[in-house]
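The structure under discussion appears below in the form of structure tokens.
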Amino acid sequence: MQRSSNTPAIVLRKARVGEIHKALTLLTPARGLLSVMAYGALKFGSRLATASEPFHLLKAYLYHDPVKDQYKLTDVESLQAHDELRRSVAKFYTASLWAETCLRSYGGGQESSSLFDLLAGSLSLLDRLPAGREPALSLQFLARFLIVSGHRLDLEQCGRCGLGFEPLGTVFVTREEGSLVCASCRGDGAVLSLPPGARRYLAATLEMPLAQASAVGLEQASLAALRAALYLLVQSSLEAPLKTLDCAAGFL
């Protein structure tokens with residue numbers, strides 16, 4: 001096994017270690033999540049300082065210590081810094097939600113390459129997005145995350161009985177199964193409703209490129225219903241709560 005390698009990577013998380021070091025969690029296209037030590041990253045003037053901040057897209061040069069079974073970040077090439085994400089509260093929390101989603105999914109498992117592409121494209125778009133359009137883009141990321149990670153997001157038929165939804169009918173979200181069900185199957189497990197306009201919006205925009213989809217408007221009531229439904233579906237798929245939703249209440 002080669003001890004030195006390089007890979008595109010997105011910094012998902014950082015933690016201070018001692019006085020001058022950082023422990024990083026990176027999302028990579030081929031290896032999924034990588035835990036990496038950035039020694040000296042907190043030293044004044046270190047090349048690793050800025051590039052080891054969350055949401056940075058970089059080319060990471062790594063050394064693998066086979067004795068400690070540890071990766072060390074030896075050098076970086078900045079590809080996209082995404083500085084705007086750290087200047088805007090709404091953008092910061094949006095990117096934080098996406099990063100936590102990737103972390104809790106263990107980097108998408110076998111689909112790490114697709115998840116990497118989705119996150120890289122979403123962060124790049126979020127960085128230059130006009131203020132106020134973050135919610136629509138976040139809905140697109142979360143819906144596409146469900147698809148990339150192999151979880152069911154069937155907008156056409158009931159997740160229980162298999163019958164097609166009525167075109168103008170309201171559907172419901174179940175917590176236990178993490179799926180959409182019709183009115184006949186809702187039972188006691190359905191906790192949220194999704195109006196037909198929100199379902200049609202999502203079905204149509206998922207066929208579009210990400211930038212085009214995020215520019216399509218949706219009235220506020222349907223937007224709120226779709227946001228609540230996707231938050232529930234994503235957390236159900238991860239089998240864990242997303243803490244960013246509590247920390248960023250009022251911004252997401």
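Things to note:
- Counted charge near Leu242, where neighbours are those whose Cβ lies closer than 11 Å (Asp, Glu -1; Lys, Arg +1): 0
- Two-decimal Rg/Rh across segment 159-252, once Rg and the Kirkwood Rh are taken from alpha-carbon atoms: 0.97
- Separation in nanometres of the label points that stand 7 Å from Cα toward Cβ, at Cys161 and Ala23: 5.1
- Axis of helix 220-238 versus longest Cα principal axis of the chain: the two differ by about 60°, to the nearest ten degrees.
- Nearest-ten-degree value, helix 134-148 long axis tilted from longest Cα axis of the chain: 90
- For segment 44-50, putting each phi into the Karplus relation 6.51 cos²θ - 1.76 cosθ + 1.60 with θ = phi - 60° gives couplings of 4, x, 5, 5, 8, 4, 6 Hz, in residue order, rounded to whole numbers and with x for Gly and Pro.
- Segment 167-231 and segment 4-52 have Cα centres separated by 37 Å.
- In plain terms, the chain from Ala249 to Ser113 could stretch by 45.9 nm, reckoned as 0.36 nm per residue minus the Cα-Cα distance.
- Neighbours of Arg199, meaning other residues whose beta-carbon lies under 12 angstrom from its beta-carbon, give a summed charge of -2 when Lys and Arg score +1 and Asp and Glu score -1.
- Among 162-172, 27-37, the order from most to least packed when residues are scored by Cβ within 10 Å on average: 27-37, 162-172
- Between 0 and 90°, nearest 10: helix 112-127 axis offset from the chain longest Cα axis: 90
Values quoted throughout were computed directly from the atomic coordinates according to the rules given, and no laboratory measurement underlies them. All figures in this text were calculated on a predicted structure; none of them were measured in a lab. Every residue, glycine among them, receives a Cβ derived from its backbone with ideal geometry; neighbour counts consider all protein chains shown.
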